[in-house]
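To keep things clear, I will list the structure first and then write my remarks on it.
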Amino acid sequence: MKIVIAPDSFKGSLSAKVAGLAIERGIKRAFPESATKVIPMADGGEGTMECLVEATAGRYFEVTVKNPIGRDIRSGFGILGDGTTCVIEMAMSSGLYLIASEDRNPLRTTTYGFGQLILAALDQGCRHFILGLGGSATNDGGAGMLQALGIQLLDSEGCPIGLGGGELTSLAEIRTSGLDPRIMESRFIVACDVDNPFIGPNGVSAVFGPQKGASPDMVKQLDLNLKHFADLIERTQGIAIHDHPGTGAAGGLSGGILAFMNGQLEAGISIISRLLGLEAEVKDADLVITGEGQVDYQTARGKTPSGVANIARKHHVPVVVLAGSVGEGIESLYEQGISAVVSILNRPMSLEKAMELTGPLLEQAAEQVVRIYFSNNRGSREH
């Protein structure tokens, strides 16, 4: 029997690789003779770089860049084993976790540091980029990134505007002549797990602005600023990103990449599963086990368990999801081919305790799942 183990990370507790190995230990306790294949996964957010670099025997690089409020920090990127493909997680330069709660103000936060990471990777010879956009602290439509890459964003007097989503209100002209020429020699694939547009009631400001520190009044101002930016982009580039699905990812960063860098938006799980050869392993498996920390109604919209299930369903392979926490709306997952969603918690406990015990809890849950699954299968065959 063959079991493919393809979890995402359990955020704050275990990386995808460590989670996968814990699940494997549980399986081996139940069926030591089983053939297991651990394929750590990600969906374009946290853990994407580690997942791809480790799987391809790549390398990590450290550089100094600006954080969301303009302070110097040490950050980095990965280059895959092919030596030319770069993976960057924008959260490592422009992420919400990098700043204190009192500094969370999307009128001020910037993607400038993300642009600096791209420049550093270009200096290393990279011309193929996979950009993970989860976890941003920003709402600037990628303006800071573009400024770092050489595009001039000018006010009515021809002076550069400042950094942050609030500064876009004074934007009068976009000059692209200074864009680093290596950008147009490169290919940018945006790992995007949301389909929100750039502006409007389902746009980035309205949906994601509050979690980044925006008040209701700030949300309105940010949305107006992004509309103004999108109008100028359409005049400058001939591309209308206002209502384009996915351009709202990471505070509109994906819209800026699409408009000025010929970016391609693709579901993160699709990119990663293709690069890691997930389908080739799944197609002859008896069972697939995936998982992540929180499973709820959002999981069906391109998160790792959903993406893994879509591949497994093509080959009629059952999928079980192990979850640190099970929220509302998981019924839609069953329509995607998932057989069961199983909480790893075995008794009432605090969040802190659950995160501390994630490894042992995963082992125990995996053991029980495969015992039940294969005992039922044996019974079916006997009948």
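So here's what we get for this one:
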{"item": "Single unsatisfied condition, Thr64 versus (1) under 20 Å from Gly115 (Cβ atoms); (2) buried (at least 17 other Cβ atoms within 10 Å of the Cβ)", "result": "(2)"}
{"item": "Residue list for region 314-357, restricted to those being of a type in the set (S, T, N, Q) and in contact with a Lys or Arg (Cβ under 8 Å, 6 or more places away or on another chain)", "result": "Gln336"}
{"item": "Conditions (1) outside the structural domain of Leu226 (by TED's automatic domain parsing); (2) free of Cβ contacts under 8 Å to residues at least 60 places away in the same chain; (3) of a type in the set (Val, Ile, Thr); number of the one not met by Ile271", "result": "(2)"}
{"item": "Residue within region 193-202 that is surrounded by 19 or more Cβ atoms within 10 Å (Cβ to Cβ), closer than 30 Å to Thr64 by Cα and at pLDDT below 95 present", "result": "yes"}
{"item": "Test: Leu117 is closer than 14 Å to Ala250 by Cβ, out of contact with any Pro (no Cβ under 6 Å at 6 or more places or on another chain), in a strand (DSSP E or B) and in contact (Cβ under 8 Å) with a residue 24 or more places away in the chain", "result": "no"}
{"item": "Selected residue (only one of Ile69, Ile39, Ile79, Ile3 is buried (at least 20 other Cβ atoms within 10 Å of the Cβ) and over 21 Å from the mean Cα position of the chain (by Cα))", "result": "Ile3"}
{"item": "Residue within region 10-18 that is of a type in the set (Lys, Arg), assigned to a helix (DSSP H, G or I) and surrounded by fewer than 24 Cβ atoms within 10 Å (Cβ to Cβ) present", "result": "yes"}
{"item": "Residue list for region 217-258, restricted to those being among the β-branched types (Val, Ile, Thr), closer than 21 Å to Phe114 by Cα and part of a loop (DSSP other than H, G, I, E, B)", "result": "Ile241, Thr247"}
{"item": "Listing of strands (runs of 3 or more DSSP E) fully contained in region 281-355 that carry 3 or more residues being within 22 Å of the chain's Cα centre (by Cα)", "result": "287-295, 319-326"}
{"item": "Candidates Thr110, Thr84, filtered to the one that is touching a strand residue (DSSP E or B) at 6+ places or on another chain (Cβ under 9 Å), in contact (Cβ under 8 Å) with a residue 24 or more places away in the chain and surrounded by 22 or more Cβ atoms within 10 Å (Cβ to Cβ)", "result": "Thr110"}
{"item": "Any hit, region 191-201, residues being part of a helix (DSSP H, G or I) and at negative phi", "result": "no"}
{"item": "Test: residue in region 354-361 that is closer than 24 Å to Gly277 by Cα and surrounded by 13 or more Cβ atoms within 10 Å (Cβ to Cβ)", "result": "no"}
{"item": "Residue check for Lys283: under 18 Å from Thr111 (Cα atoms), touching a residue at least 24 places away in the same chain (Cβ under 8 Å), of a type in the set (D, E, K, R) and out of contact with any helix residue (DSSP H, G or I) (no Cβ under 6 Å at 6 or more places or on another chain)", "result": "no"}
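The values are calculated or read from the model by the stated rules, or taken from the named source; none is laboratory data. None of these values were measured; they are calculated from a predicted model. A quick note on method: Cβ atoms are made from the backbone with ideal geometry, for glycine too, and the neighbour counts reach across all protein chains shown.
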